[in-house]
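Encoded as structure tokens, the structure appears first; notes follow it.
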Amino acid sequence: QVQLVESGGALVQPGGSLRLSCVASGIIFRLYNMGWYRQAPGKQRVLVATITSDDSTNYTDSVKGRFTISRDNAKRMVYLQMNSLNPEDTAIYYCNGNRWPRNYWGQGTQVTVSS
């Protein structure tokens, strides 16, 4: 059974930092492309950052220079370091793992940026 379990979401003040973590089970982790997506209230789920199986990264424009995605294949973990957070970053953040034709999602972790 495949599971992606996120953690690290919290309430944080503007300008603060958080690190999200996602642990994977049931997949050959090193072969999978991993990513973080987010869904704000009333909006669609959108891509935040991705990291391929060979460590190539991609970011949506609004988080470039503030967020960093990384992975640890030995621990089956993917991380999202988020700095300089602002209220527009408030959303549920979802971990994604994909290797065609398979695509898996975690249950999400809430990030709220507010003073």
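The values are calculated or read from the model by the stated rules, or taken from the named source; none is laboratory data. Here the structure is a predicted model, which means the values were calculated and not measured. All Cβ positions, glycine included, derive from the backbone under ideal geometry; neighbour counts span all protein chains shown. With ligands, DNA and RNA removed, areas are computed over all heavy atoms of the protein, side chains included. Shrake-Rupley method; radii C 1.70, N 1.55, O 1.52, S 1.80 Å.
Brief remarks follow.
- Solvent-accessible surface of the chain, taken per residue with a 1.4 Å probe and all protein chains present: 54 Å².
- Computed E for Gln81/Gln1 - FRET, C-beta separation, R0 25 angstrom, nearest 0.05: 0.30
- Rough spin-label spacing in nm, given labels placed 7 Å along Cα→Cβ, for Arg102 and Asn58: 2.1
- Label reach from Thr68 (point 7 Å along Cα→C-beta): in segment 1-19, amide nitrogens under 16 Å belong to 17-19.
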